[in-house]
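In what follows, a single structure is set out as structure tokens and then discussed.
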Amino acid sequence: MSQYETGASESMPLSVKGLLMELSITLPDGSTRTLPAGATVRSLAASIGAGLAKAAIAGKLNGELVDVTAPLVDGAQVEIVTDKSPEALEIIRHSTSHLMAQAVKELFPQAKVTIGPAIETGFYYDFDVEQPFTPEDLEKIENRMRELAKADIPVQREVLSKDDAIKLFSDMGEGYKVEIISALDAETVSLYRQGGFVDLCRGPHVPSTSFCRAFKITSLAGAYWRGDEKNRMLQRVYGTAFADKKELDAYLARIEEAKRRDHRKLGRELDLFSFSDEVGAGFAIWHPKGAMLRTILEDFERKEHLKRGYDIVVGPQILKTELWQRSGHYENYRENMYFTEVDEQGFGIKPMNCLAHMMIYKSQLRSYRDLPLRFFELGTVHRHERAGVLHGLLRVRCFTQDDAHLLCTPDQLDTEIKGVISFVNDVMAIFGFEYEMELSTRPEKSIGSDEDWERATNALLGALKDSGRPFEINEGDGAFYGPKIDIKLRDCLDRRWQCATIQCDFTLPERFDLTYVDANGERKRPVMVHRVILGSIERFIGVLIEHFAGNFPVWISPVQAIVLTVTDNQQEYAKQVYETLRKAGVRVQKDFRNEKLGFKIREAQLQKVPYMLVIGDREVETKTIAPRFRDGSNLETMSAEAFAEYIAREVASFH
Ligand SMILES: [Zn+2]
Ligand SMILES: [Zn+2]
């Protein structure tokens, strides 16, 4: 009984005489328990076991998350949340953001606190400070957080009237909190107090600071108050937290690995591409090796599309504004488009490749016998993205899509969609990526007949089922003009990247009045599908760089081999080897500089060149080469011609 009393005394004295003195509670396993009135989540946990009481982070009271000090109600369904529960991580992370704010306020009393939510990777807190935080400041903050966590300070909930809360925070000089509370449509607000620190919060929170046992401050960024550029710039401190140190360490190791593989860093080191303020943010400049990588992918794409019955087409970069009005892009997508005017005629720079493809379809009368038509274009598009979201090659303002538009009869739709899915499957296998598929169905606001939607959705669904792979359905998440399939590839760090999309479209055939003549001589509307396989070439290269950490497979390596001389004595034969390989189509470089061999080898390794061909006196004498792979393994000694054939076979095995 003493356990009950300990818990119950926290929220309500047992001496409330004459009232209901007992509560009946149902646990997740269906069992019921009787507790004295005033019992809390913690006293319930204690009635089950002292260990559980200690491990309790929060409770779930009739499905709602509450603090362990929350009083129970008669007849409630109650669950104890421990660090094993799926809900625990968010509570721990959010609580750690409070811990960080407490540390900041102790170290920087002038700092103003704003908000600190849990996010997918951890948490952040935005502070208004005169001086931006330095790395040393962050270290101090983290150390202070550890001390506060160790001190095991209770975290206590209080409920105040809105007016009292405004007065409390305005007395503390916390203007942002006053602003937040003033905007709330509530009579009372809840606060959480831990030691001298108090924050406005809905909760729930961990019972005491010692529950924050595995955390790390990860980064710092500027962020505008309420995300509005007209407001003050705040300091956003990011951190992450886990239930235990092992999980935290595994996560941090993954982050380190991602940093090591960052395509912006590797893009610079491998001299693939750059960005320049003089050119404009979000516009990649491709250096020789990066441009070679692109060219390899583009050639691969052309070949694969031709194999599958696509026609290659090319449209102009700018099209008259009137055409964008007709397509609906002007009305719905104008903010993301670039426009120009020449000889008093307005033009829109294309953000999509569809329109020229429509015009090609319309350039002649089409019969059902001509269908399906599959127009493929490596189409370069410009889309104005906000500066804040630009991110290396992953988010740019100019990119090239491997875009195609399929135009077919309604009967052909099933086969066409299946063809695209098997295309995606082939390509992902070639690059060695796993992937996931999602179907997005009809949203509330949509155009097109029920019949159109049913046919298109069934075609997509049928192809997904046919693929034999698991997929998800996002009900009502399709575009207003048709259902779609999104395909996300999974990289070696288990991150998901959008690549292929298959989108049915009921508007463009209408707006452009596309028709074909059917077997009975009647004019019919063709069905239209937009689809990409890799998506944006820029983005895909960004993903490839990170996935392979710059160690590209031989078939896509912009440089496949490098010829190195030991001394000037081997130059002549080395030159012959270089020329032989180059003429045989091997992407080869040479380094005949009068430098130490060790230095030249290190440079080639940093460039992650697959094969190093060191030419010494023995190679000169025997007229051979001894190719050495970047992992340190060696091929047998062979002639330059034989090596060229070996590379050609390796490349051919991919496509
Ligand atoms: Zn909170
Ligand atoms: Zn399109």
Take the residues in segment 117-128 that are open to solvent by less than 10 Å² (accessible area, probe 1.4 Å) and farther than 13 Å from residue 218 by Cβ, then tell me which one is nearest to ligand 2 (Cβ to nearest atom).
126
Residue 514 vs. criteria within 16 Å of ligand 2 (Cβ to nearest atom) and assigned to a loop (DSSP other than H, G, I, E, B)
yes
Cβ-Cβ distance below 7 Å, separation of 6 or more or different chains: which pairs start in segment 328-345 with a residue that is in contact (Cβ under 8 Å) with a residue 60 or more places away in the chain and end on one that is open to solvent by 50 Å² or more (accessible area, probe 1.4 Å) and assigned to a helix (DSSP H, G or I)?
328/511
When you scan segment 540-655 for helices (runs of 4 or more DSSP H) that lie fully inside it, which ones turn up with 2 or more residues that are at pLDDT below 95 and surrounded by 21 or more Cβ atoms within 10 Å (Cβ to Cβ)?
none
Among the listed residues 156, 110, 131, 102, identify the single one that is within 24 Å of residue 67 (Cβ to Cβ) and open to solvent by 80 Å² or more (accessible area, probe 1.4 Å).
156
Pairs under 7 Å by beta carbon, first residue within 27 Å of residue 449 (Cβ to Cβ) in segment 489-513, partner more than 13 Å from ligand 2 (Cβ to nearest atom) and part of a loop (DSSP other than H, G, I, E, B), six or more apart or different chains?
504/483; 506/447; 506/448; 507/447; 509/525; 509/526
Out of curiosity, is residue 248 more than 17 Å from residue 607 (Cβ to Cβ) and surrounded by fewer than 18 Cβ atoms within 10 Å (Cβ to Cβ)?
no
Candidates 219, 182 - the one that is surrounded by fewer than 17 Cβ atoms within 10 Å (Cβ to Cβ), away from ligand 1 (no atom under 15 Å from the Cβ), in a helix (DSSP H, G or I) and of a type in the set (S, T, N, Q):
182
From (1) assigned to a strand (DSSP E or B); (2) touching a Phe, Trp or Tyr at 6+ places or on another chain (Cβ under 8 Å), pick out the condition that doesn't hold for residue 535.
(2)
Quick check: anything in segment 303-315 of a type in the set (Phe, Trp, Tyr) and within 16 Å of ligand 2 (Cβ to nearest atom)?
yes
All but one of (1) assigned to a strand (DSSP E or B); (2) open to solvent by less than 20 Å² (accessible area, probe 1.4 Å) hold for residue 464, so report the exception by its number.
(1)
Filter segment 139-156 down to the residues that are polar (S, T, N, Q) and in a helix (DSSP H, G or I) and list them by number.
143
Those residues of segment 11-52 which are at pLDDT below 90 and within 45 Å of the chain's Cα centre (by Cα) amount to 11
Taking the condition more than 23 Å from residue 536 (Cβ to Cβ), out of contact with any strand residue (DSSP E or B) (no Cβ under 7 Å at 6 or more places or on another chain) and away from ligand 1 (no atom under 16 Å from the Cβ), does residue 388 pass?
no
Of all the residues that make up segment 338-355, how many are closer than 12 Å to residue 320 by Cβ and within 12 Å of ligand 2 (Cβ to nearest atom)?
2
From (1) within 30 Å of residue 258 (Cα to Cα); (2) within 16 Å of ligand 2 (Cβ to nearest atom), pick out the condition that doesn't hold for residue 488.
(2)
Single condition residue 532 does not satisfy, out of (1) closer than 30 Å to residue 446 by Cβ; (2) touching a residue at least 12 places away in the same chain (Cβ under 8 Å); (3) open to solvent by 30 Å² or more (accessible area, probe 1.4 Å)
(3)
Reported set for segment 346-365 where residues are in contact (Cβ under 8 Å) with a residue 40 or more places away in the chain and among the β-branched types (Val, Ile, Thr) is 360
Count of segment 269-284 residues which are open to solvent by 50 Å² or more (accessible area, probe 1.4 Å) and closer than 18 Å to residue 557 by Cβ
2
Subset of segment 346-385 (residues that are polar (S, T, N, Q) and surrounded by fewer than 19 Cβ atoms within 10 Å (Cβ to Cβ)):
363, 364, 367, 380
So which strands (runs of 3 or more DSSP E) are wholly in segment 21-138 and hold at least 1 residues that are within 15 Å of ligand 1 (Cβ to nearest atom)?
58-61, 64-66, 122-128
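This table checks each residue for (1) in a helix (DSSP H, G or I); (2) among the charged types (D, E, K, R).
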{"residue": "247", "(1), (2)": "yes, yes"}
{"residue": "251", "(1), (2)": "yes, no"}
{"residue": "255", "(1), (2)": "yes, no"}
{"residue": "264", "(1), (2)": "yes, yes"}
{"residue": "271", "(1), (2)": "no, yes"}
{"residue": "276", "(1), (2)": "no, no"}
{"residue": "279", "(1), (2)": "no, no"}
{"residue": "282", "(1), (2)": "no, no"}
{"residue": "289", "(1), (2)": "yes, yes"}
Return the residue satisfying two criteria in turn: it lies in segment 185-216 and is crowded, with 21+ Cβ neighbours inside 10 Å and under 28 Å from the mean Cα position of the chain (by Cα), and of such residues it is nearest to ligand 2 (Cβ to nearest atom).
215
Here the residues within segment 398-425 that are crowded, with 21+ Cβ neighbours inside 10 Å and not β-branched (Val, Ile, Thr) are 399, 401, 402, 403, 404, 405, 406, 407, 408, 413, 416
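The values are calculated or read from the model by the stated rules, or taken from the named source; none is laboratory data. The structure displayed is predicted, hence computed values, not measured ones. Backbone-built Cβ (ideal geometry, glycine too); neighbour counts: all protein chains shown. These area figures cover heavy atoms from the full protein model, side chains too; ligands, DNA and RNA do not enter into them. Shrake-Rupley method; radii C 1.70, N 1.55, O 1.52, S 1.80 Å.
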